[in-house]
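The values are calculated or read from the model by the stated rules, or taken from the named source; none is laboratory data. Since the structure is predicted, the reported quantities are computational estimates derived from the model, not experimental observations. Cβ: placed from backbone, ideal geometry, glycine included. Neighbour counts: every protein chain shown.
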Amino acid sequence: MHRNSLDRLAELAELLHQSGDPDLVEQFLREILTPSEVQGISSRWELVKRLDRGQSQRAIAAELGLSLCKITRGSRELKKPHSALRTMLDHHHRLQG
């Protein structure tokens, strides 16, 4: 994957992982992201969970006010072999018990 000189996602991912404190991570994200960015990330996570539950793309679009393009992208990512989204969903399911 091509990364430009300002791409620090790997660094941030490691920092968030190592913190071990979900409350600190949430506070950090709310401070570094705009409310619109928080909403965007939150709605994308919600759409992935709904796709995983089998909800139709059109229903998700209507209920969350998202474009079908965003939902289709999430659906495509979930279907990829070794999908990080799929892995995170599986982890989420295990945590939810």
Task: Flag if S75 is in contact with a Leu (Cβ under 8 Å, 6 or more places away or on another chain), hydroxyl-bearing (S, T, Y) and part of a helix (DSSP H, G or I) - done: yes
Task: Residue tally, condition touching a residue at least 24 places away in the same chain (Cβ under 8 Å) and either among the aliphatic types (A, V, I, L, M) or surrounded by fewer than 14 Cβ atoms within 10 Å (Cβ to Cβ) (or both), over the stretch 23-56 - done: 3
TODO: Pairs only if they're at least six apart or on different chains, beta carbon under 9 angstrom, first in the stretch 57-74 and surrounded by fewer than 13 Cβ atoms within 10 Å (Cβ to Cβ), second among the polar types (S, T, N, Q); list them, first residue then second.
DONE: E63/Q55; G65/S43; L68/Q57
Open item on the list: So, in the stretch 1-52, exactly how many residues are in a helix (DSSP H, G or I), among the hydroxyl-bearing types (S, T, Y) and more than 14 Å from the chain's Cα centre (by Cα)?
Closed with: 2
Task: Subset of the stretch 78-90 [more than 11 Å from the chain's Cα centre (by Cα) and assigned to a helix (DSSP H, G or I)] - done: L78, K79, T87, D90
TODO: Among the numbered conditions (1) surrounded by 11 or more Cβ atoms within 10 Å (Cβ to Cβ); (2) at positive phi, tell me where H82 comes up short.
DONE: (1)
Task: Criterion violated by A59 - all others in (1) aliphatic (A, V, I, L, M); (2) modelled with pLDDT under 95; (3) over 28 Å from P22 (Cα atoms) satisfied - done: (2)
TODO: Test L15 against the criterion of being exposed (fewer than 12 other Cβ atoms within 10 Å of the Cβ) and over 18 Å from L95 (Cβ atoms), and give yes or no.
DONE: no
